[in-house]
Amino acid sequence: MSSQNAHTFYADAVLFDMDGTLTDSIAAVEAAWGKVAKDIGQDPAYVIAATHGKRAVDNLAQFKPHIKAHEMDDEVQNFEESILFFADAYNMYGPGSQRTSPASSPVLNSPLSSGSATPDLSFSPSNSAPSSRASSFVSPRRPSFASKLNNMLTMSVVPEVAVYGQGPQFEDSIMEEDQQDIVMFEANQKKHVLEAWQQEATSVDRSVRILPGVKRMMSSIPEGRYAVATSGAKTYAYGCMTRVGITPPKITITADDKRLKAGKPAPDPFLLAARELGFSATNCVVFEDSPSGIRAGVASGATVIAVCTSHERKHIEHVGAHFVVDNMDKVKCESCADGRLKFTVQL
């Protein structure tokens, strides 16, 4: 990193916002709020602009005031599951579902099948018990589809690797192809019963993506020295992070944490995250992308680094952040012998 226009400072820990900072699920989030807007007869552009960087519970209370207090938790979960559905629909039921080989099939490997998303819309093929008949099954040509269903009951499945992203492996290549056909058949059957908004969701790729510099930044910080404080509730927050290979840190403060009195732009999420890590927020670095989140970070007393990953620079550079960078590739973190973290920001 060039020393020109580089600024160095020290801190004890890091507090990350999630969406727009670590992950990019903006397309899915905007689609979900767009659906809410249509449901209540409001302009989607207005609702989307008004909700960014704030908790779903606060946004839903504003735009759906008829929701009763005892119904709100379920409403938030349903809304966040709709975000994850928008994020996965293209690869689960749309054109993306037919572009990969069986070993990496999105239908098999999508977190939807791991239980992290909408249960009613998820699909996970059942694991048949190994059969001694499968090892002797040899076919010189492609069997009929009817026989494939029977084959699925008699195939030998190598036990699944207990690692995210790994699906069943089959001893016979024809078995692999058969299995993919069955999975695609089942996925297409499910697609026929999707609601209109779900059908629309399958036409556009709104997959969650990890943002530039995030992997390097997170790997450079010792365990126990960083936390996530997000405006997303647990369903959405954990769903987004795991979809891009981020293991949610032990200290992950989500919007549905009952210890929070207020969400961003109040500093409460960052103050709680710092306290749980065992540090003062004034000795922490906050990474944020939205005006609401930047204000929360500034109010907490932390050093705030704003990333231009979801908003144009002109929309966030006068909100109060100490540094404004294009993305995390512009920031370097090093561990010092005295336990502090050294940050170098390239402007």
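The values are calculated or read from the model by the stated rules, or taken from the named source; none is laboratory data. All values reported here derive from a predicted model rather than from experimental measurement. We place every Cβ from the backbone using ideal geometry, glycine too, and count neighbours over all the protein chains shown. Quick note on the areas: whole protein, heavy atoms, side chains included, nothing else; ligands and nucleic acids left out. Shrake-Rupley method; radii C 1.70, N 1.55, O 1.52, S 1.80 Å.
Within the range 33-57, the set of residues being outside any helix (DSSP H, G or I), over 20 Å from Pro291 (Cα atoms) and out of contact with any helix residue (DSSP H, G or I) (no Cβ under 8 Å at 6 or more places or on another chain) comprises Gly41 only.
Tell me whether the range 23-43 contains one or more residues that are crowded, with 24+ Cβ neighbours inside 10 Å, touching a Ser or Thr at 6+ places or on another chain (Cβ under 7 Å), among the charged types (D, E, K, R) and touching a residue at least 60 places away in the same chain (Cβ under 8 Å). No: the range 23-43 contains no residue that is crowded, with 24+ Cβ neighbours inside 10 Å, touching a Ser or Thr at 6+ places or on another chain (Cβ under 7 Å), among the charged types (D, E, K, R) and touching a residue at least 60 places away in the same chain (Cβ under 8 Å). Going through (1) under 16 Å from the mean Cα position of the chain (by Cα); (2) not in a helix (DSSP H, G or I) one by one, Tyr236 falls short only on (2).
Exactly one residue among Val193, Val214 is more than 27 Å from Ser300 (Cβ to Cβ), aliphatic (A, V, I, L, M) and either crowded, with 21+ Cβ neighbours inside 10 Å or at pLDDT below 95 (or both), and that residue is Val193. Can you name the residue in the range 268-310 that is in a loop (DSSP other than H, G, I, E, B) and open to solvent by less than 40 Å² (accessible area, probe 1.4 Å) and, of all such residues, is nearest to Arg55 (Cα to Cα)? Across the range 268-310, the extreme among qualifying residues is Ser290. Scanning the range 58-71 for any residue that is of a type outside the set (Val, Ile, Thr), touching a residue at least 60 places away in the same chain (Cβ under 8 Å) and on the phi > 0 side of the Ramachandran plot turns up nothing. Listed by first and then second residue, the pairs linking a residue in the range 185-202 that is more than 12 Å from Lys35 (Cα to Cα) to a residue that is surrounded by fewer than 15 Cβ atoms within 10 Å (Cβ to Cβ) and modelled with pLDDT under 60, with Cβ atoms under 8 Å apart and 6 or more places separating them unless they lie on different chains, are Phe185/Phe145.
Of the candidates Val57, Val107, the single residue that is in contact with a Ser or Thr (Cβ under 9 Å, 6 or more places away or on another chain) and modelled with pLDDT under 95 is Val107.
Just for the range 1-16: of the residues that are in a loop (DSSP other than H, G, I, E, B) and open to solvent by less than 80 Å² (accessible area, probe 1.4 Å), which one is modelled with the lowest pLDDT?
Ser2
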